[in-house]
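This report concerns only the one structure given below.
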Amino acid sequence: MAPLKTIEWTEGKIRIVDQTQLPLYLTFTFINTAEEMFWAIKTLKVRGAPAIGVAAAFGLYLGIRNVPDSSSFDFFTECLQKTAGYIASSRPTAINLKWALDRMQSLVRSTKTTSSIEQIKTMLLEEAKRILAEDNHICRAIGEHGFAVLKEHTTLLTHCNAGGLATVEYGTALAPVYIGKEKGKIFHLYVDETRPLLQGSRITAFELKEAGIPLTLICDSMAATVIAQGKIDAVIVGADRIAANGDVANKIGTYSVALAAKAHAIPFYVAAPLSTFDITVKNGKEIPIEERPAEEITKAFGRQTAPSDISVYNPSFDITPHELITAIITEKRVIYPPYEKTISEVTAAGLLI
């Protein structure tokens with residue numbers, strides 16, 4: 001079975017898988033406006049760094065498509081910037097969101113003002129479609145490079161969801177798994193449930209089961225023990241932002257898994273497109289970390305699980321230092337330490353958009 005198509009442009013609207021309904025219901029939702037896309041990203045109906053980048057591009061187009069064609073270029077660009085800023089505020093950590101919005105705005109800046117507003121709108125829609133199509137190509141390439149690295153292993157541990165549901169279709173961390181199945185190699189995945197919103201148990205387990213990939217679900221607190229018991233050959237996770245020195249921001253709990261992998265000499269891989277790199281930040285300390293509502297911990301999924309009126313700290317991401325990362329798998333190549341040098345080489349070669 002092919003991976004699910006998480007985002008599609010159809011009939012003048014964006015159709016997304018509403019991931020808040022998983023695993024009980026596979027529900028598709030149509031997005032018609034920038035406001036609807038903002039809330040779809042904010043409330044995690046669409047999630048995963050590459051997926052929200054694609055969603056943001058289409059959200060920006062939806063936000064300006066009703067600007068009158070008779071408007072001046074200056075008025076149009078003002079509307080464009082306002083809409084981009086609004087969508088960008090939905091989630092601050094995943095750099096793909098900003099990357100996609102910047103790419104769309106850059107297209108307009110490079111457009112001759114003699115182009116009509118109607119023509120510019122069409123160009124923006126086509127650019128959003130290109131970003132979507134590129135995501136499929138990029139993730140498949142990540143899968144090919146990742147499979148070459150992982151093919152001698154059998155049992156993998158992953159955290160959160162970096163599969164097809166975090167991208168348009170193939171995923172990042174799970175792309176080598178899907179490529180492996182195509183080539184006749186079947187991996188067994190240990191899946192962290194990923195507290196507090198259970199993206200591992202609700203989403204990763206769901207898509208792996210749908211794809212016919214063997215899996216074992218574990219609580220987050222079991223990961224170190226499972227690694228110590230020798231059940232894991234390698235760890236592979238996605239990323240929401242990667243700093244110039246190779247530090248990685250990913251779902252909260254990733255750092256703990258990386259520490260356990262290091263302690264037991266298990267390779268720890270990160271899979272991410274080059275659009276996830278942010279060379280404007282030197283290290284992980286400069287990456288903004290989104291804090292989510294306390295209710296996600298105290299009243300998760302509608303049931304109170306903690307006393308009322310207590311202090312709660314709920315960062316959505318943590319930083320895994322580059323020293324704990326064996327390699328970073330991208331669509332162009334597998335990047336190994338020393339990361340400041342190798343990431344700089346990728347940038348200098350013009351591979352980083």
Looking at 170, 178, which one is in a loop (DSSP other than H, G, I, E, B) and either touching a residue at least 12 places away in the same chain (Cβ under 8 Å) or aliphatic (A, V, I, L, M) (or both)?
-> 170
Within region 72-88, restricting to residues that are hydroxyl-bearing (Ser, Thr, Tyr) and touching a residue at least 24 places away in the same chain (Cβ under 8 Å), the one that is surrounded by the fewest Cβ atoms within 10 Å (Cβ to Cβ) is 86
Using beta carbons and a limit of 6 Å, which pairs, at least six apart or on different chains, have the first residue in region 286-313 and under 24 Å from residue 19 (Cα atoms) and the second one surrounded by 14 or more Cβ atoms within 10 Å (Cβ to Cβ) and of a type in the set (Gly, Ala, Ser)?
-> 290/316; 292/316
Residues (in contact with a Phe, Trp or Tyr (Cβ under 7 Å, 6 or more places away or on another chain) and modelled with pLDDT of 95 or more) located in region 38-58 = 38, 58
Is it true that residue 59 is small (Gly, Ala, Ser) and within 22 Å of residue 210 (Cβ to Cβ)?
-> no
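Quick grid of which residues meet (1) assigned to a helix (DSSP H, G or I); (2) among the small types (Gly, Ala, Ser); (3) not assigned by TED's automatic domain parsing to the domain that holds residue 235:
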| residue | (1), (2), (3) |
| --- | --- |
| 275 | yes, yes, no |
| 282 | no, no, no |
| 293 | no, no, no |
| 310 | no, no, no |
| 331 | no, no, no |
| 340 | yes, no, no |
Please specify each residue of region 162-182 satisfying the condition of being touching a Ser or Thr at 6+ places or on another chain (Cβ under 9 Å) and at pLDDT 95 or above.
-> 172, 173, 174, 175, 177
Do you know which of the residues in region 78-94 that are β-branched (Val, Ile, Thr) and within 23 Å of residue 316 (Cα to Cα) is nearest to the chain's Cα centre (by Cα)?
-> 93
Residue identified as assigned to a helix (DSSP H, G or I), over 17 Å from the mean Cα position of the chain (by Cα), of a type outside the set (Phe, Trp, Tyr) and not assigned by TED's automatic domain parsing to the domain that holds residue 16 among 209, 185, 129 = 209
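Matching residues to (1) surrounded by fewer than 24 Cβ atoms within 10 Å (Cβ to Cβ); (2) part of a loop (DSSP other than H, G, I, E, B); (3) out of contact with any Cys (no Cβ under 8 Å at 6 or more places or on another chain); (4) on the phi > 0 side of the Ramachandran plot:
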{"residue": "30", "(1), (2), (3), (4)": "yes, no, yes, no"}
{"residue": "36", "(1), (2), (3), (4)": "yes, no, yes, no"}
{"residue": "56", "(1), (2), (3), (4)": "no, no, yes, no"}
{"residue": "59", "(1), (2), (3), (4)": "no, no, yes, no"}
{"residue": "70", "(1), (2), (3), (4)": "yes, yes, yes, no"}
Before we move on, is residue 302 surrounded by 15 or more Cβ atoms within 10 Å (Cβ to Cβ) and out of contact with any helix residue (DSSP H, G or I) (no Cβ under 6 Å at 6 or more places or on another chain)?
-> no
Test: residue 8 is at pLDDT below 95 and either assigned to a loop (DSSP other than H, G, I, E, B) or over 23 Å from residue 317 (Cβ atoms) (or both) = yes
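For every residue, the table says whether it meets (1) at pLDDT below 95; (2) under 24 Å from residue 131 (Cα atoms); (3) under 23 Å from the mean Cα position of the chain (by Cα).
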position: 240; (1), (2), (3): yes, yes, yes
position: 245; (1), (2), (3): no, no, yes
position: 250; (1), (2), (3): no, yes, yes
position: 257; (1), (2), (3): no, no, yes
position: 266; (1), (2), (3): no, no, no
position: 321; (1), (2), (3): no, no, yes
position: 346; (1), (2), (3): yes, yes, yes
position: 350; (1), (2), (3): yes, yes, yes
position: 353; (1), (2), (3): yes, yes, yes
Do we find that residue 120 is farther than 22 Å from residue 5 by Cα, touching a Ser or Thr at 6+ places or on another chain (Cβ under 8 Å) and free of Cβ contacts under 8 Å to residues at least 60 places away in the same chain in this structure?
-> yes
Residue identified as surrounded by 24 or more Cβ atoms within 10 Å (Cβ to Cβ) and out of contact with any strand residue (DSSP E or B) (no Cβ under 9 Å at 6 or more places or on another chain) among 186, 203, 142, 179 = 203
Quick one: residue 231 ticks every box in (1) closer than 23 Å to residue 15 by Cα; (2) assigned to a loop (DSSP other than H, G, I, E, B) bar one, so which box is it?
-> (1)
So residue 106 clears everything in (1) surrounded by 13 or more Cβ atoms within 10 Å (Cβ to Cβ); (2) within 18 Å of residue 134 (Cα to Cα); (3) without any contact (Cβ under 8 Å) to a residue 12 or more places away in the chain except one condition, right? Which one?
-> (1)
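The values are calculated or read from the model by the stated rules, or taken from the named source; none is laboratory data. No experiment lies behind these values; they were computed from the predicted model shown. So basically every Cβ, Gly included, is an ideal-geometry build from the backbone, and we count neighbours across all protein chains shown.
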